[in-house]
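Undergrad: One structure, as structure tokens, below. Some questions next.
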Amino acid sequence: MRIYRSQRHTASPLLGFFVALCCSLLLSSCQSPDTPPTPLSNPNDQSLPSVMTPDWGIAATLIAMGYPPVAMGDKPFYREWVGKPSIPDTTLDVGTRYQPNPEMFSQLDLDMVIDNAFYQHLHPMYGDLPIHSIELTSPNKVATWEDFIEPTLKLGEYVRHPQAAQAYLDRSQQKIAQAGQTFRARHPHIKKLAVVQFADSNNLRMFSYNSLFHPALEVMGLQLVALADGNQWGFAPIMLGELAQLDDDTCLVVVEPLSNLLKLELQDSLVWQRLGYSFDGDQQSAGKGRCVTLLPATWNNSGVASMNVLADRLTNVTFVGNTDL
């Protein structure tokens, strides 16, 4: 199977540009954070490069900007771990992210590969294709919104549409701020959030200040709470009992996936019980227990794309326990 780009349209380029621009402006006001924006240019234009990326974060950002890659890695698992923005059917799966299928890759008609340092071992497979590497994470101990501007703009340059990247940044910052207003209106007493993900019933990843959760919550007018500095992926490994160090005015956000088996193990865990957390909705009505919620899968390495998803999903979660903090 080989992907070929379609021929250019013969309509006036100037007329086409203004029609596409007007459509984009009209649609942008009603799109949800999970809906990729309409590209400012014709997606069938041969000037649009054909891109493959093994990385979920880069794929998510390209999709959110309106320029999805023609191929990516681990497409089925993306739906479980990243979820949004949704991958279009036209994007092919070339196997695992860490080791794509060479035969499938060889059948692609590509202009470039965009990846990051994690996939450097794959470079020999790409032959003479141009390779661009980009990091959608913060290099600093405390991540800020500004840390994600440059790599997002670079990504726009690689697909030859820097104006789309800037528009995406502006639109995203506005939507995240609006999501924060909605959240604070629904939960006026919740201001501090600790974000974790379970590896098993006793081992967790706590997302720290160098993760994208920090600038996203900051734009929302909320505060991230962490117990330790994060590693290069933005989290610190902790034990379940360490959650006792969180102040009573901090709500716990548990990022899915969280299997039913793991939920049962937590229910039987004396440590979990003594911490005062419960996913049982009955405690919500009584206002008992510590404040906690389950957050649908939100990938920590997708830059601004993940910040949009985080903000949107936080406004729709249900907090269990005492929220009158």
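Values in this text are rule-based calculations from the coordinates and carry no lab data. Predicted, not measured: the structure shown is a model, and the values here were computed from it. All Cβ positions, glycine included, derive from the backbone under ideal geometry; neighbour counts span all protein chains shown.
Undergrad: Would you tally the net charge around GLY276, using a Cβ to Cβ cut-off of less than 11 Å, leaving GLY276 out, and scoring K and R as +1, D and E as -1?
TA: Taking every other residue near GLY276 into account, the sum is +2.
Undergrad: Would you kindly derive the ³J(HN,Hα) couplings of the range 252-266 from the backbone phi angles with the Karplus curve 6.51 cos²θ - 1.76 cosθ + 1.60 (θ = phi - 60°), listing them in order in whole Hz, with x for Gly and Pro?
TA: So the Karplus estimates, Gly and Pro as x, are 8, 10, 9, 7, 6, x, 9, 5, 4, 5, 5, 4, 5, 5, 5 Hz.
Undergrad: I want the local charge near PRO130. Using Cβ-Cβ distances under 12 Å, sum +1 for each Lys or Arg and -1 for each Asp or Glu among the other residues.
TA: -3
Undergrad: What residues qualify as long-range amide H neighbours of VAL255, i.e. H under 5 Å apart, gap of 5 or more or another chain, H built at 1.01 Å from N?
TA: VAL196, GLN197, PHE198, LEU295
Undergrad: Please report the equivalent ellipsoid semi-axes of the range 172-314, computed as sqrt(5 x eigenvalue) of the Cα gyration tensor, largest first, in whole Å.
TA: So the three semi-axes of the range 172-314 are 24, 18, 13 Å.
Undergrad: To continue, here is another question. Looking only at the range 172-314, where both bridge partners belong to it, what percent of the DSSP beta bridges are antiparallel (to the nearest 5)?
TA: So the antiparallel bridges in the range 172-314 amount to around 40 percent.
Undergrad: Now for a different question. Taking amide hydrogens as modeled 1.01 Å from N in the peptide plane, which residues meet the under 5 Å criterion relative to ASN101, leaving out close sequence neighbours?
TA: Hits under the 5 Å cutoff: GLY95, THR96.
Undergrad: Hey, what do the phi angles of the range 144-151 turn into as Karplus ³J(HN,Hα) couplings, whole Hz, using 6.51/-1.76/1.60 and θ = phi - 60°, x for Gly and Pro?
TA: Values per residue, Gly and Pro as x: 10, 4, 4, 4, 9, 6, 4, x Hz.
Undergrad: Which FRET efficiency value, to the nearest 0.05, do you get for LEU153 and GLN174 by plugging their Cβ-Cβ distance into 1/(1 + (r/R0)^6) with R0 = 22 Å?
TA: After rounding to 0.05, the efficiency reads 0.80.
Undergrad: LEU270 label point, 7 Å along Cα→Cβ, cut-off 12 Å on backbone N: hits in the range 230-250?
TA: No residues fall inside that zone.
Undergrad: Between GLN99 and ASP111, what is 0.36 nm times their sequence separation minus the Cα-Cα distance? Round to one decimal in nm.
TA: Gain on extension, GLN99 to ASP111, equals 2.3 nm.
Undergrad: Residue-wise, which Karplus ³J(HN,Hα) couplings in Hz belong to the range 169-177, taking 6.51 cos²θ - 1.76 cosθ + 1.60, θ = phi - 60°, and x for glycine or proline?
TA: 4, 5, 5, 5, 4, 5, 5, 5, 5
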